[in-house]
Amino acid sequence: MVSMLLNKNSALACKKNTEEHTPLHIVAKYGFTEAAKELLKQCPDAIKVVDLDGRNALHIAIVNNKLSILELLLKYKLPKEILNKQDNDGNTLLHHAARLHQGPSILWLLNDPRINSFVINKEGHTAWAYQIPIEPMAQALSNAIDKGDMLSLVNFLADCPEGVYSVTPIRGDTAVHLAASKGNDCVVHHVLLYTNRNVGFIISKNINGDTPLHLAVRAGHVKVVDHLMHYMAWAKEIEPNLKLKEPLIMQGKEGNTLLHEAVIHGWHDLAVSLLDHGKEVTWTATEEFIREYHEYAGDVVSTHDVLLVIRNDDGDTPLHLAVKSGNSVLVNMLIGRTKVMNLELTPQYAKERWRSC
């Protein structure tokens with residue numbers, strides 16, 4: 001029927017109704033794949049058209065759970081601008097798929113090199129905020145990572161590539177979390193390859209709020225930390241407009257940054273390495289940072305400087321923690337790098353001092 005109508009008047013393929021829907025929007029909503037093929041044949045530009053909500057036919061397919069339409073449309077040679085199109089709320093295809101927990105849609109999109117998984121919507125969230133990895137991790141995968149068994153790891157992911165998007169049932173660790181915590185750089189590399197080198201995994205948090213980098217720092221795995229940081233730098237180089245959270249200053253368990261963790265566990269070389277990475281990252285102060293750290297606002301010019309002044313949940317900077325631990329080597333190193341020093345007691349330390357009197 002669609003073919004017959006279009007043969008008589010091909011302009012119908014691009015005609016809009018009062019909601020700015022084209023026929024392609026309509027067939028996407030109801031899952032009519034053959035009609036979608038015919039419409040795209042007659043009017044390829046229909047895929048670019050958005051409705052009053054700013055949504056194209058791909059958005060419509062996802063929000064209406066018409067995965068056959070999505071699968072069909074992804075096979076077309078569409079530019080990344082269409083696949084990463086934001087609707088009026090700033091949501092991309094991946095935002096909608098993640099919010100609706102559409103496993104197949106998420107896998108198709110994350111494995112498509114045209115997809116940018118770091119687009120931020122109007123609520124300030126990337127699609128990762130909706131906990132993209134939703135399947136429980138297979139024991140075979142966690143065992144392979146735990147033992148550093150490369151053969152078993154490669155065989156498992158070859159047979160079950162979607163397993164890389166799974167998480168452990170208790171802590172919600174991804175495969176990258178597990179690999180980073182074990183310190184096996186080769187395993188980290190291969191797991192990232194199976195994520196299509198999606199650096200969103202590097203900044204994803206588990207139930208405790210820890211990223212893979214937090215776990216690697218806590219365990220003192222310098223090589224893995226450097227590897228993951230270089231992946232982040234690589235992502236920013238190939239996609240300059242990529243809006244990524246800066247992993248160096250992301251706060252995990254108890255509000256600790258990576259530098260807090262390095263100091264807590266006495267990893268001097270790792271602390272130095274993190275600060276050196278911070279020198280390479282420029283810093284633009286947010287309103288929130290200026291409000292909380294107004295006394296440092298004029299002196300902070302790089303992420304290196306930010307790392308030294310950020311306080312954890314107890315009000316401690318890395319220098320406070322180094323002093324409390326009595327680690328003179330770390331204290332001297334941090335003092336040597338600090339522009340503006342806060343020598344006041346933190347609330348928690350003041351409380352402990354009062355109790356000991």
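All of I120, I145 fail the test of being closer than 20 Å to A180 by Cα, touching a residue at least 40 places away in the same chain (Cβ under 8 Å) and either more than 15 Å from the chain's Cα centre (by Cα) or not in a helix (DSSP H, G or I) (or both), apart from I145. Restricting attention to segment 38-84, the residues that are crowded, with 16+ Cβ neighbours inside 10 Å, over 29 Å from the mean Cα position of the chain (by Cα) and of a type outside the set (A, V, I, L, M) total 3. Condition check for L109 on (1) out of contact with any strand residue (DSSP E or B) (no Cβ under 8 Å at 6 or more places or on another chain); (2) over 22 Å from L193 (Cβ atoms): one failure, at (2). Would you check if there is a residue in segment 88-102 being acidic (D, E) and touching a His at 6+ places or on another chain (Cβ under 8 Å)? Checked segment 88-102: no residue is acidic (D, E) and touching a His at 6+ places or on another chain (Cβ under 8 Å). For segment 135-144, the condition holds for no residue, the condition being that it is out of contact with any strand residue (DSSP E or B) (no Cβ under 8 Å at 6 or more places or on another chain), at pLDDT below 95, within 21 Å of D112 (Cα to Cα) and small (G, A, S). Would you mind stating whether K147 is outside the structural domain of K48 (by TED's automatic domain parsing) and among the basic types (K, R)? Against the criterion (outside the structural domain of K48 (by TED's automatic domain parsing) and among the basic types (K, R)), K147 qualifies.
The condition (being at pLDDT 90 or above, crowded, with 18+ Cβ neighbours inside 10 Å and farther than 23 Å from D210 by Cα) is satisfied by just one residue among V300, V323: V323.
A search for C-beta distances below 7 Å between a residue of segment 249-271 that is surrounded by fewer than 19 Cβ atoms within 10 Å (Cβ to Cβ) and any residue that is of a type in the set (K, R), counting only pairs 6+ apart in sequence or on different chains, returns H265/R218. The combined condition, being acidic (D, E), buried (at least 20 other Cβ atoms within 10 Å of the Cβ) and closer than 30 Å to G209 by Cα, is fulfilled by D87.
If the condition is being surrounded by fewer than 21 Cβ atoms within 10 Å (Cβ to Cβ), of a type outside the set (A, V, I, L, M), part of a loop (DSSP other than H, G, I, E, B) and at pLDDT 85 or above, then segment 185-241 contributes only G220.
The values are calculated or read from the model by the stated rules, or taken from the named source; none is laboratory data. Here the structure is a predicted model, which means the values were calculated and not measured. Cβ: placed from backbone, ideal geometry, glycine included. Neighbour counts: every protein chain shown.
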